[in-house]
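Accompanying notes for the structure given below.
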Amino acid sequence: MKDAQPRTIYLKDYQAPDYWIDTTHLTFDLYEDHALVTAVLQMRLNDDIGCGGALPALVLHGEELDLVSLHRDGEELESDQFQLAKGTLTLPVEQPRFQLQIVTRIRPQENTSLEGLYKSNGMFCTQCEAEGFRKITYYLDRPDVMSVFTTKVIASQARYPVLLANGNAIDQGELENDRHYVTWEDPFKKPSYLFALVAGDLECVEDHFTTMSGRDVTLRIFTESHNIHKCDHAMVSLKKSMKWDEEVYGREYDLDIFMIVAVDHFNMGAMENKGLNIFNSSCVLASPETATDATYQRIEAIVAHEYFHNWSGNRVTCRDWFQLSLKEGFTVFRDAEFSADMNSRGVKRIQDASLLRTAQFAEDAGPMAHPIRPESFIEISNFYTLTVYEKGCEVVRMIHTLLGADQFRKGTDLYFERHDGEAATCEDFVKAMEDASGVDLTQFRNWYSQAGTPVITVTDRYEADTGDYHLTIAQSCPATPGQEHKQPFHIPVGLALLDEQGELLPLNAEGIHAEGDKEKVLSIKQTEETFVFKGCKSKPLPSLLRNFSAPVRVRYDYSKDDLVFLMKHDTDSFNRWDACQRLGVMAIEQLVEQSEQAVDPQLVDAFGAVIADPELDFAVKAEMLCLPSEASLAEQAEVIKPLAIVAARKKVKQAIAEAHSEALLALYNELSYERDYRPEATDIAERTLKNVCLGYLAAEDDAECLQRLAEQYNDASNMTDRRAALGCVVDARHRDERLVERVLTDFYDRYKDDANVMDDWFAVQSSSAELGTVEKVKALMQHDSFDPTSPNKLRALIGGFTRNMTHFHTAGGAGYEFLADRVIELDKQNPQVASRVMMPLTRWKKFEPAASGLMKKALQRIKAVHDLSTDVYEVVNKSL
Ligand code: ARG
Ligand code: ZN
C-alpha cells in the first residue's frame, strides 16, 4: 500500500540514523508458497545523536511483510508494545545496545514487482537496490547503515541444489524431508541494498584469477543448464576487468570467490551485490549464433561495471540516495575507460557522446530534469537515470580532464583510502580530488547542484593585418524545474585551430599555457571569455569541444563548407563524426521544413568522400556514415514533427544510396568474406561498416537488393550479420511482403527457445515503420512467446513501439492510448517498468500541436487512476 499523497524527500533533511546494526544474521526458509525470514540484529545507539536522556524509538522500514514474531533481548514483544504502520515498524528502546529477533513471512512467488525476494523461471533471487530489502524483513533499509551479514539459506535439495548468498560459504548440510542448507558469511560491512540470495537448479562455469598480491580467487558464473555454453565471454570480460582495475586504479578484489548469476526476470541490467552479482540474462549470455557484436560489447561493459562497483560502490558506498551518482557516475566512467582500452577508443567516445546528446539532453530538457545529485525525489527508482549515470560519468571525466591522469589517480587513491568502509557523499569525492591535486574545484561543484544542459556559444573574428584571431566563448544554461537561474559552470573546452590546408596551428594566446601546443583544453569559468590567438596567416577554423570534453551544446555558425572541411581534416575522431552529424541534421531539417526540396547535394558528395576515403579507419567510417538517428533529430528540433522527420531522413538516406551505389557495393563486397567469429574491435569494425553499407544498399529500389538481403540473412554465420539483414528485410516490406513473412517465420523457428533472441524478434517488429502498427503490437502481446511478466519482453515490445515514430505517433492518438492502457495495467504488476515505459509521453510539450494534445490526454487518463504507485505518480504529476 502506498500513501494517497506520496511524500517528497529532500536532501537538505538528511539526518544520520539513531541506531546502527553491527551484525545481521538472516535465515531463509524457502517453500513453494511462502518463505520465512528470521533476522537477528545487533543494534547499537548512534552516540552522535543527542537524545537528552530517553532513548529514541526505533523505526524500521518494512513493506508487504507478515510479522510472525518480534523479540527484543530474548523477550517477545506483544502487539501492543510496538506499532505497525504503512511502511514502518516502531518499537521502544530500553538499552543503548540490544538484540532484535524478527520473523516475517513473505511471498516471493507472488512478488511481481521484482524488488526484494522473488522467483524467476523457478529460481529464487533478490534485487534490493534501492529500497527492496524492506520487502524481505524489517530493517534500517538505508545505505548509511552498514552491517556484517551472515545468511543461512534452507530449501528443498531437489528443486534448489544451488544456494548462494554474499561472501564465503562457511557451512552446509542436509536436513530432513529432502531439505538442505548453506550458510554464507560476508566479512565486509555493507548496506542492505547490497544483500543477495539465489536458490535454484543452476549450473556454473568456473575459472580462477590470481590477484596482484598473489591471492587466488574462484570465479563462477551460474545459469540454467541450457545456457551454460553462453557464459565464456562474460568470464573473459570478468578476468579482463579484474586485471584492468589493478593496473589502472590499483584496486584488488577482496573475497575468495566472485559469483555472477544470470536471471531472466530483472528490472535493470545488473546488480553489484557483494561477491554475488545478479545479472539480467541479456547482459551475460552470448554465443556467436545468438548475440550481436553490440551485445558482446554490452556484456563486456556491464560485467566490468558491476565488478568495478566492488570498490566504487561497495567498499565505499553512498551515504544516501541523493548521492547515487557518487557510485554510478564514477563507475560508468571506469567502465567507459575500460571499454575504450579494450576496443576502439574513438568509437567508444562517439557512441557515448551520441547517447548522452540524444537521450540525456532530452531528459535535461524535459519535466523530470534533475542535477546529477538530485535535491528531492518522491520515488528513488525514478532517479536511475541517464543524468545520474551518463552525465554523472561526464562530470567525473571532466575532473579527469582538468586534473590530468596522474593527479586524478592520486585523487582516487586518496578517496578510497579516506572512505574505505564508509558511506560517502559526492562532496567527499570532489574534496579528495581537490586535496590530492591542489586544483580548485569550487566552481566545478555547480555540475552537482544544477540541472540542465549548458550551451556554449562561440563567435570569432580575424584581423588580417595583425594576424590575430579572437575567439569568444559565452555560456548559458536554460531554466529547469525549480531552477530558474543558473550560476556559470566550470567547463573544459577542447580546442584546436585548423589552417587553410587543414593543418593544426600552434596555439599562442595570452592566458593559456599552451605555447606552441596544437591542442588545448580551455578552462572556461566566466559567462563570457575571449582568447586572442597570435600569428594566424589566415582565418582559422576552430575545432571545438574536442573529444566531447564537456556535456554541453555548442553553437558556432559553421557553414556547410566548414563542416565538409572538418570531416576531412580534423584529427579528432569525435569532431570529425560530429561535423558529419551537423551536416546531416542541416540537410534533414531542410526537408522537414520543405519536403518537396531536393536533397542537399553537398551532403551527398561529402558522404561519398567518406565512403571513398582510404585513410579513415573502418570503425570511425561506419559511425560517420550513420545519419543522425530519428531520436537525435527529434531532440534537436524546436518542435518535433515525427512523420516529417521519418520521411526526410529516409529521403536523404535514399539519395546517398543512389548516388554512391557502386562504391557502397564495392565496399560491402570487400568486407564480405568468411571468417570465424571473434568479438574483437577490428572484426567488429568490419562487420559494422559492412552492415552500414547493406543498410544503404537496401534503401535502393531494386530486386537485386532484396536478393542480397535474403542471401545475407540465410548465409550468415553469426547473429550480427543475420540480425542486420533481418532489420533491412523488415524495412523493405513495401517491396516484398512475402519475403518479410518468410524471414520472420524463419527467425522465429530458429530461435524460439532462446528468450533473449526472442526479445529482439518482438522489438524488430514493434519498432518498424513498416510493420509496427498498434494492431500488430496488440497481436504480438497475445503471442505464445510473449511473457507479460518479463521486463525484457515488455521493454522489447512496448519500448520498441514507443521508439517507432511512424506508428506510436499515428494520427488520432491510438498509439498514446495503447501506451496509457499498458502503463495503467503494468503499474499494478511492476511499477518500475510501468514508470519507465511511460517516459516518451512526458515529452509531450515538444511535439507539434496535433500530437501534443493527445499525448497530454493520455497522461491525464493515467493521472486519474486511483492508487498509483509512487513511481508512476511522480512521473505523471511532474510532467503535467
Ligand atoms: N546498481 C545497479 C547498477 O547500475 C543498478 C540497480 C538499479 N536497480 C533499481 N531497481 N533501480 O549497476
Ligand atoms: Zn552501477
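The values are calculated or read from the model by the stated rules, or taken from the named source; none is laboratory data. The shown structure was predicted, so the numbers you read here are calculated from the model rather than taken from an experiment. When we count neighbours, we look across all protein chains shown, and the Cβ atoms used for this are built from the backbone with ideal geometry, even at glycine. Calculation scope for accessible area: heavy atoms of the full protein, side chains included, ligands and nucleic acids excluded. Shrake-Rupley method; radii C 1.70, N 1.55, O 1.52, S 1.80 Å.
Things worth noting here:
- Filtering region 290-306 for residues that are within 12 Å of ligand 2 (Cβ to nearest atom) and touching a Gly at 6+ places or on another chain (Cβ under 6 Å) leaves a non-empty set.
- Selection of region 372-403 for residues being in contact with a Ser or Thr (Cβ under 9 Å, 6 or more places away or on another chain), within 12 Å of ligand 1 (Cβ to nearest atom) and of a type in the set (Ser, Thr, Tyr) yields Ser381, Tyr389.
- Index of the failed condition, Ala496 passing every other in (1) assigned to a strand (DSSP E or B); (2) touching a Phe, Trp or Tyr at 6+ places or on another chain (Cβ under 6 Å): (2)
- Enumerated helices (runs of 4 or more DSSP H) restricted to region 714-824, each holding at least 1 residues that are aliphatic (A, V, I, L, M) and free of Cβ contacts under 8 Å to residues at least 40 places away in the same chain: 719-731, 737-751, 755-766, 774-781
- Selected residue (criterion: least open to solvent (accessible area, probe 1.4 Å)) from residues of region 1-38 that are within 27 Å of Arg159 (Cβ to Cβ) and in a loop (DSSP other than H, G, I, E, B): His34
- Every listed requirement among (1) more than 10 Å from ligand 1 (Cβ to nearest atom); (2) small (Gly, Ala, Ser); (3) farther than 20 Å from Cys231 by Cβ; (4) crowded, with 21+ Cβ neighbours inside 10 Å is met by Gly346 save one, (4).
- Candidate set from region 375-389 (those that are open to solvent by 40 Å² or more (accessible area, probe 1.4 Å) and either without any contact (Cβ under 8 Å) to a residue 60 or more places away in the chain or in contact with a strand residue (DSSP E or B) (Cβ under 7 Å, 6 or more places away or on another chain) (or both)); member that is farthest from Val552 (Cα to Cα): Glu375
- Val93 in contact with a strand residue (DSSP E or B) (Cβ under 7 Å, 6 or more places away or on another chain), assigned to a loop (DSSP other than H, G, I, E, B) and surrounded by fewer than 21 Cβ atoms within 10 Å (Cβ to Cβ): yes
- Among the candidates Ala622, Ala647, Ala634, Ala655, residue that is under 30 Å from Lys230 (Cα atoms), touching a residue at least 24 places away in the same chain (Cβ under 8 Å) and part of a helix (DSSP H, G or I): Ala622
Residue by residue, here is whether (1) closer than 18 Å to Tyr751 by Cβ; (2) open to solvent by 10 Å² or more (accessible area, probe 1.4 Å); (3) touching a Gly at 6+ places or on another chain (Cβ under 6 Å) holds:
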position	(1), (2), (3)
Tyr673	no, yes, no
Asp676	no, yes, no
Leu689	no, no, no
Leu697	no, no, no
Asp721	yes, yes, no
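- Candidates in region 518-566 are the residues that are of a type in the set (Ser, Thr, Tyr) and farther than 29 Å from Lys486 by Cβ; of these, the one that is most open to solvent (accessible area, probe 1.4 Å) is Ser559.
- Leading residue by the ranking (farthest from Pro679 (Cα to Cα)) among those in region 286-332 that are hydroxyl-bearing (Ser, Thr, Tyr) and away from ligand 1 (no atom under 16 Å from the Cβ): Thr290
For every residue, the table says whether it meets (1) surrounded by fewer than 23 Cβ atoms within 10 Å (Cβ to Cβ); (2) within 27 Å of the chain's Cα centre (by Cα).
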position: Arg97; (1), (2): yes, no
position: Leu117; (1), (2): no, yes
position: Cys125; (1), (2): no, yes
position: Glu129; (1), (2): no, yes
position: Phe133; (1), (2): no, yes
position: Tyr138; (1), (2): no, no
position: Val145; (1), (2): yes, yes
position: Ala155; (1), (2): no, no
position: Leu163; (1), (2): no, no
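- Selection within region 731-769: residues that are acidic (Asp, Glu) and surrounded by 18 or more Cβ atoms within 10 Å (Cβ to Cβ). The member of this set that is modelled with the lowest pLDDT is Asp731.
- Qualifying strands (runs of 3 or more DSSP E) (wholly inside region 112-167; at least 1 residues being within 16 Å of ligand 1 (Cβ to nearest atom)): 116-120, 123-127
- Some residue of region 479-488 being surrounded by 19 or more Cβ atoms within 10 Å (Cβ to Cβ) and polar (S, T, N, Q): yes
- Region 307-325, subset part of a helix (DSSP H, G or I) and within 11 Å of ligand 2 (Cβ to nearest atom), residue nearest to Tyr10 (Cα to Cα): Leu324
- Contact map, region 211-222: residues that are touching a residue at least 40 places away in the same chain (Cβ under 8 Å) paired with residues that are of a type in the set (S, T, N, Q) and open to solvent by 70 Å² or more (accessible area, probe 1.4 Å), Cβ distance under 8 Å, separation 6+ or inter-chain. Pairs shown: Asp216/Thr210; Val217/Thr210.
- Set side by side, the residues Ala340, Ala359 differ, and just one is free of Cβ contacts under 8 Å to residues at least 24 places away in the same chain, in contact with a helix residue (DSSP H, G or I) (Cβ under 6 Å, 6 or more places away or on another chain) and surrounded by fewer than 22 Cβ atoms within 10 Å (Cβ to Cβ), which is Ala340.
- Some residue of region 383-395 being within 14 Å of ligand 2 (Cβ to nearest atom), of a type in the set (Phe, Trp, Tyr) and part of a helix (DSSP H, G or I): yes
- Among residues of region 274-285 being away from ligand 1 (no atom under 13 Å from the Cβ) and assigned to a loop (DSSP other than H, G, I, E, B), the one that is nearest to Asp254 (Cα to Cα) is Gly275.
- Residue list for region 301-330, restricted to those being among the charged types (D, E, K, R) and within 13 Å of the chain's Cα centre (by Cα): Glu306, Glu328
- Subset of region 216-239 that is assigned to a helix (DSSP H, G or I) and among the polar types (S, T, N, Q) - its residue that is most open to solvent (accessible area, probe 1.4 Å): Ser225
- In region 825-848, residue surrounded by the fewest Cβ atoms within 10 Å (Cβ to Cβ) [restricted to those that are of a type in the set (S, T, N, Q) and either assigned to a helix (DSSP H, G or I) or in contact with a strand residue (DSSP E or B) (Cβ under 8 Å, 6 or more places away or on another chain) (or both)]: Gln829
- Restricting Leu77, Leu45, Leu70, Leu41 to residues that are modelled with pLDDT of 95 or more, farther than 21 Å from Ser147 by Cβ, open to solvent by less than 40 Å² (accessible area, probe 1.4 Å) and of a type in the set (A, V, I, L, M) narrows the list to Leu77.
- Pair list, Cβ under 6 Å, 6 or more apart: region 143-167 residue hydroxyl-bearing (Ser, Thr, Tyr), other residue open to solvent by less than 20 Å² (accessible area, probe 1.4 Å): Ser147/Ile21; Ser147/Thr24; Thr151/Leu26; Thr151/Ala165; Thr151/Trp184; Tyr160/Ala199; Tyr160/Gly200
- Some residue of region 855-867 being farther than 23 Å from Tyr384 by Cβ, in a helix (DSSP H, G or I) and aliphatic (A, V, I, L, M): yes
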